[in-house]
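Colleague: Before we start, here is the structure in question, set down as structure tokens.
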Amino acid sequence: MAKKKKGKKKKARGVDLKKVREQHEQTAKERQSYGGVDFWKAPPDVKSRVRVMPPWSDDNIPYKEAAYHYGIVKVPTKDGGKRDVALVCPKKTYNQPCPICETAEELFKGGSKKDRELAKSLLSRRRYFYNIVDRADTDAGVFVYGCGITVHQDIQGIMLDPDWGDITDPDEGFDIIVDRKGSTRDDTSYKVRARRNPSPLGTTEEMEEWLNSLYDLDALVGLVEYDDLKLALEDPKKYIKKMEEEREEQGDEDDEAGDEEEEEEEEEEEEEDEEEEAEDEDAEDDDYDDMSRKELIAYIKENDLDIKCIKSKSDDDYREEIREAEAEEEDEEEEEEEEEKPKKKPKAAKKSKKKAKKPVEDEDEDDDESLTDEIEKTLKERKQKKRKKKK
């Protein structure tokens, strides 16, 4: 064994815990983006500090509740595996008929243990979606956080506690700590608690940017057609192909809409430039520079301008204040005219327009094979038994 050389004692290097944490969060967070929506996942074995954002709609509820069916459709991943596609349950989410729920009910009626197990695997599960900001990644802006009922109830409990109340308040709200233990479906658990002291959402600039970038969570959880869900149950491959074709068509439409929006923005900028040039010309063409001090004061009184006439002001001060006062009056007149005109529908926030073009992935799902073949087989067996009984 090689002997260590003796020499001067060196001071041990300290661990840069900040760098360690940054690298850990970078690799563990598993940030994902589907159809322009950035989803956030709580990294395992890290106490993540996040801020729940205020409601995105007039319903004044900061979350969207939905129900999903799992284990029916799988899509291939880049690493050669398969990812489970979450199918929105129209019955539990929108109180509309759902062919998957109907199939589950039929299997439950079968009575056999095998039928009941299959039926249970088809039952939907609740998910809750929030707009959030990750305090460890504020530069990334707003994320969508999808959680199960346990985390959701913890957040609700904090909101209903008078010690915290509306934790989403931009000025006096509270951050929450999401503590995730484990990394797989079998060993993962969550604990949520609120920070003790209130804090502003961010700087004035950050608040403006984030509040204008909230995702439209209603659009995220769109209603799936009955026939599409039936196709997913009967032939998952055809369903995947159909969804891909629809996404391509939607992408083309979004590109066209984006081009039109850019043209509108360019026209608006040109109009603003023209208005500014006209204002500059008006300022150059006015006669205030030729007026004497007495004439300026007389002009102020004649036009009842809100300007104090005092000895300490120079002639140029009067000229500048007159121009500012008249510009303010013109702006007020324009605002009154705009109010009288029919209002245009305001543009949605950039992120609010975005819809999830790809299905939502459940972070706690395992990679079981599709249930379709087994369901079809079981249903066929039951039909055959019914026919025999009739004979």
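Colleague: Looking at the stretch 101-209, what strands (runs of 3 or more DSSP E) fall wholly within it and have at least 2 residues that are open to solvent by 60 Å² or more (accessible area, probe 1.4 Å), of a type in the set (D, E, K, R) and out of contact with any His (no Cβ under 7 Å at 6 or more places or on another chain)? Talk me through it step by step, then tell me what you get.
Modeller: Numbers: elements: 125-134, 142-147, 176-181, 189-194.
Answer list for the stretch 101-209: 125-134, 189-194.
Colleague: Quickly run through the stretch 212-252 and pick out the residues that are under 24 Å from N95 (Cβ atoms) and among the small types (G, A, S).
Modeller: Selection gives A219, G222, A232.
Colleague: K120 is checked against (1) touching an Asp or Glu at 6+ places or on another chain (Cβ under 9 Å); (2) free of Cβ contacts under 8 Å to residues at least 40 places away in the same chain; (3) under 30 Å from Q156 (Cα atoms) and fails just one. What number does that condition carry?
Modeller: Every listed condition holds for K120 apart from (1).
This table checks each residue for (1) modelled with pLDDT under 90; (2) in contact with a strand residue (DSSP E or B) (Cβ under 9 Å, 6 or more places away or on another chain); (3) surrounded by 15 or more Cβ atoms within 10 Å (Cβ to Cβ); (4) under 20 Å from T188 (Cβ atoms).
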residue	(1), (2), (3), (4)
T27	yes, no, no, yes
V37	yes, yes, yes, no
Y63	no, yes, yes, no
A66	no, yes, yes, no
Y70	no, yes, yes, yes
V88	no, yes, yes, no
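Colleague: Residues of the stretch 72-86 being open to solvent by 50 Å² or more (accessible area, probe 1.4 Å) and of a type in the set (K, R), which ones?
Modeller: K78, K82
Colleague: Here are the criteria: (1) over 19 Å from R185 (Cα atoms); (2) in contact (Cβ under 8 Å) with a residue 24 or more places away in the chain. Tell me which single one P76 does not satisfy.
Modeller: Failed condition: (2).
Colleague: Collect the residues in the stretch 90-100 that are open to solvent by 90 Å² or more (accessible area, probe 1.4 Å) and assigned to a helix (DSSP H, G or I), keeping them in residue-number order. Working first, answer last.
Modeller: At the first step, the residues of the stretch 90-100 found to be open to solvent by 90 Å² or more (accessible area, probe 1.4 Å) are 92, 95.
Result: K92, single match.
The values are calculated or read from the model by the stated rules, or taken from the named source; none is laboratory data. Note that this is a predicted model, so its numbers are computed, not measured. Here the Cβ is made from the backbone with ideal geometry for all residues, glycine too, and neighbour counts use every protein chain on show. Heads up: the accessible areas ignore ligands, DNA and RNA and are worked out on the full protein's heavy atoms, side chains in. Shrake-Rupley method; radii C 1.70, N 1.55, O 1.52, S 1.80 Å.
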